[in-house]
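Peer 1: Here it is, the structure, as structure tokens.
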Amino acid sequence: MKKALITGVSGQDGAYLAKFLLNKNYKVIGTTKSLTRINKWRLKKLNIEKKIIYTQLNLHNKKSIDKVFKKFKFDEFYNFAGHSFVATSFKNALNTANNTGIGVVRILENIRKKNNKIKFYQATSSEIFGGSKTIYQNEKSSYNPKNPYAISKLFAHLITGNYREYYNIFAVSGILFNHESPLRGEEFLTKKIAKGLIKIINGKQKFIEVGNLDSKRDWGYAKEFVEVMWKMMQQKKPEDFVISFGKAYSVKYFIDLCLKELNIKGKWIGKNEKRKFVTKENKTIIKVNHKYIRKKDYKLIIGDSTKAKKKLNWKPKINIKKLVKIMINEEKKLDSEF
């Protein structure tokens, strides 16, 4: 039986990966900053809450990492820990850099010194490409991070590659573009929209506020993406891969799909920051709020996963229409439970 350690196991990607690995007969060790404060709602939703061994881990603290390596023996290490929200990284730049960036060095040092046979997966973000001048991004594209989160992720990405090359460690990075699911946190736009519209229909909320409606993102399905992470770790040669759906859609298009799925009829009125969606009953349920608009929003970038399709034999199946249907249906169930 293989053993895998997953940092950030209670998050979206960590939970889906834990489920995937358990189905592969792995023994899964999941870490969290605090055993008393861990929120297991995603793990409960996937019916795996009691199938995971939990332990405390703080990437700020070398002793904490040393303790985990001493306590457990594992074959694979998947790192999802760290700051995960771009907007708040500006307010917590030091914490973001220490956890998301330097924390990876602390992990790699333990692998190098204590067991260099452990395979390491680093969750890298497409944010490292940031303000790229080209639309399609692959493993050879130039980096241009524009916020503390992206800069920290780039450092972690580069140091992972450095340890792979210099110390001959099996260390890889998955450069993931936006990937959504019903397990997304409420601070993320897609979840905010799907959940908010259900609450509006059920009379629990009056409206949703969003940022730039014309902003486009390459959106995929998180549950599909974790399979590629595992495939990367099963290769003979450690390599980095860009993981994406490969098409981009605007925030407005995502909202329109949600409205259609929920049979909410109405129209968009106004221009630019004054745009809003008004129902046929003349109720404004979606507004643009300036505070949610990034000061320097990125130009359109789309992931090119040609390498993953060829070398890992992987191709995403869930397009944005199917993704919306999955998220809306799940939100209906969740809202009815409360």
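Peer 1: Do you know which residues across segment 61-101 are of a type outside the set (D, E, K, R), over 18 Å from the mean Cα position of the chain (by Cα) and under 21 Å from VAL9 (Cβ atoms)? Working first, answer last.
Peer 2: Taking segment 61-101 and keeping what is of a type outside the set (D, E, K, R), we get 61, 64-65, 68-69, 72, 74, 77-90, 92-101.
Subsequent filtering for residues that are over 18 Å from the mean Cα position of the chain (by Cα) retains 61, 64-65, 68-69, 72, 74, 90, 92-95, 98.
Correct list: ASN61, SER64, ILE65, VAL68, PHE69, PHE72, PHE74, ASN95, ASN98.
Peer 1: Need at least 2 residues that are surrounded by 15 or more Cβ atoms within 10 Å (Cβ to Cβ) and of a type in the set (Lys, Arg) per element, so show me which strands (runs of 3 or more DSSP E) inside segment 1-113 make the cut, counting only ones lying wholly within it.
Peer 2: Correct list: empty, since no element meets the threshold.
Peer 1: Is it fair to say ASN79 is more than 25 Å from GLN234 (Cβ to Cβ) and either without any contact (Cβ under 8 Å) to a residue 60 or more places away in the chain or not acidic (Asp, Glu) (or both)?
Peer 2: Considered against the rule, which asks whether it is more than 25 Å from GLN234 (Cβ to Cβ) and either without any contact (Cβ under 8 Å) to a residue 60 or more places away in the chain or not acidic (Asp, Glu) (or both), ASN79 comes out as no.
Peer 1: Just checking, which of ILE198, ILE264 is in a helix (DSSP H, G or I) and either farther than 21 Å from GLN122 by Cβ or modelled with pLDDT under 95 (or both)?
Peer 2: Going through ILE198, ILE264 in turn, the sole match is ILE198.
Peer 1: State which residue pairs qualify: first residue free of Cβ contacts under 8 Å to residues at least 60 places away in the same chain and inside segment 130-147, second residue crowded, with 16+ Cβ neighbours inside 10 Å and not in a loop (DSSP other than H, G, I, E, B) in any location, beta carbons under 7 Å apart, and separation of 6 or more residues or different chains.
Peer 2: From residues that are free of Cβ contacts under 8 Å to residues at least 60 places away in the same chain, the pairs are TYR143/ILE128; TYR143/LEU154; PRO145/GLU127; PRO145/ILE128; PRO145/ILE151; PRO145/LEU154.
Peer 1: Name the single residue, out of those in segment 269-299 being among the polar types (S, T, N, Q) and modelled with pLDDT of 95 or more, that is surrounded by the fewest Cβ atoms within 10 Å (Cβ to Cβ). Please lay out each step first, then the result.
Peer 2: Initially, segment 269-299 is screened for residues among the polar types (S, T, N, Q), giving 272, 279, 282, 284, 289.
Going one step further and asking which of them are modelled with pLDDT of 95 or more, we end up with 279, 282, 284.
Working: THR279: 15, ASN282: 7, THR284: 14.
Once the filter is applied, the top-ranked residue is ASN282.
Peer 1: Additional query: Show the residue pairs that are 6+ apart or on different chains and have beta-carbon atoms under 6 Å apart, the first residue being within segment 262-278 and over 26 Å from GLU330 (Cβ atoms), the second being among the small types (Gly, Ala, Ser).
Peer 2: Hits for this filter: LYS276/GLY270; VAL278/GLY266.
The values are calculated or read from the model by the stated rules, or taken from the named source; none is laboratory data. The structure displayed is predicted, hence computed values, not measured ones. FYI the Cβ positions are ideal-geometry reconstructions off the backbone, even for glycines, and counts take in every protein chain you see.
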